[in-house]
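Every number in this text was worked out from the coordinates using simple rules, so none of it is lab data. Predicted, not measured: the structure shown is a model, and the values here were computed from it. With ideal geometry, Cβ positions are generated from the backbone for all residues, glycine too; neighbour counts draw on all protein chains shown.
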Amino acid sequence: MKLTTKIFIGLALGALVGLGLHLAAPDLFTTLDAYVFSPLGTVFLNLIKMLVVPIVFFSITLGTASLGDPKKLGRIGGKTIAFFLVTTTIAISIAISLAYLFQPGNIDIDTAGAEYESKEAPGVVETFTNIIPTNPIQSMTDGNMLQIIAFAIFIGFALAMLGKKTEGIYKLVEQGNEIMMFLVNLIMRFAPYGAFGLLASAIGTMGIDGMQAMGMYMFVVILGLFIHALVTYGSAVSFLGKMSPVKFFKGFFPAMTVGFSTSSSSSTLPVSMKTAQENLNVPKPVSSFVQPLGATINMDGTAIMQGVATIFIAQVYGTDLSFASLIMVVLTAVLASIGTAGVPGVGLIMLAMVLNQVSLPVEGIALIIGIDRLLDMTRTALNITGDAACAVVVAESERKHDVDQEAQRMQA
């Protein structure tokens, strides 16, 4: 049986067991969640998280060193960031349109007890100025992905420029990357059990009542995620990446199931890169640069949640948003997708930023916290799919560039 099938079975069993225990034996669920489900999920998450920092460092360093030419590095970086910004803008526009079409907030819901303590997220300017680490070792200890990526790019650039002088270090980084990939394969054998524990805990805690109360909100968010995946990413992969969308989604599905289980783009990164390289034939240098960067700053799924949640909260509180406010929602969400990278609980913190910008009560976030775990799993699957789509598009773009350069040389 394929690993993907095993993970899917683990997810299905987890949902059934969690919901069944919630309905029939809530006390038993509480005990099992404390001693079985949550520990299973936590062990799996910790195993993957253990590899995230070293794999980001090794892969970005290796990817940058393999690219060699600074012009090529700048070209790929520019294409990657442009792709992320454009798709995030499209994502939140889809979300706002669907929210106005389906009106998920036009329900009778008690907001009296809604309390949410918002945390202040760092501004975009502050985030950009803090990209360069003052202490790279501290950045790795803290898991600050933007700083780790920046440091790795500098090391990779130095290895590329120094060439033979640093062959030993280059081989060491290459071997470190191989070790990480071996460990990914090893840890993935535990994935079906981790997926079972994570979903059993999430569904069992929320129960069917929680899902019914917020059914329309959940429907609109999930519909937005599917439309964005099929239309935006499918079109990008087909027209820009010259790859069949069916081949793309089928090839990347194993990583999507892991992303759904873990609810973390960074935690899924080792599997995402392996899947893109092996199933989608994305060259290692491109995958090693684009996907870690995407896991840090590309949050289309989160942007869709923000768009729907903002309109939902406005409708619940009976507030009409002007066209200027809607434009502000789009701009804030797009900038926040980069500005709050690496912040724990990033989705809700970003949403608090958006609500503050358009003078909506931040307390409204409390209304959606109960089901956010399940939606977080779904939007993480979309986020990593966007990273892979970008890698496919950039890889095809670079292949065309190399062909054109070769043709010019032949003519000369």
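Things to note:
- Computed over Cα pairs, the Kirkwood radius of the stretch 196-269 leads via Stokes-Einstein (0.890 mPa s, 25 °C) to a diffusion coefficient of 170 µm² per second.
- Computed across the stretch 258-323, the Kirkwood radius stands at 14.1 Å (inverse of mean 1/r, all Cα pairs).
- Computed lengthening from K49 to L172, 0.36 nm per intervening residue step minus Cα-Cα distance: 42.1 nm
- Cβ-Cβ distance of K71 and T319, R₀ of 56 Å, FRET efficiency by 1/(1 + (r/R0)^6): the value works out to about 0.70.
- Its residues counted as N, the stretch 267-412 yields a C-alpha radius of gyration over 2.2 N^0.38 Å of 1.32.
- Entry for the stretch 22-82 at q = 0.14, 0.19, 0.29 Å⁻¹: log10 I(q)/I(0) = -0.62, -0.79, -1.07, Debye formula applied to identical alpha-carbon scatterers, no solvent contribution.
- For the pair the stretch 11-88 / the stretch 127-151, the C-alpha centres are spaced 20 Å from each other.
- Of K71/K274; K79/K242; K49/K284, those spanning more than 24 Å from alpha-carbon to alpha-carbon: K71/K274
- Cα-based convex hull volume of the stretch 190-239 per residue, rounded to whole Å³: 80 Å³
- Fraction in percent of alpha-carbon pairs per bin - 10 Å, the chain: 5, 22, 31, 26, 12, 3, 1, 0
- Of the peptides 148-157, 225-234, 302-311, the ranking by mean beta-carbon count within 10 Å, highest at the top, reads 302-311, 148-157, 225-234.
- The Rg/Rh ratio of the stretch 132-223, with both radii computed over alpha carbons and Rh defined as the Kirkwood radius, is 1.22.
- Helix axis angle, 215-227 relative to the chain longest principal axis, alpha carbon, degrees: 20 degrees
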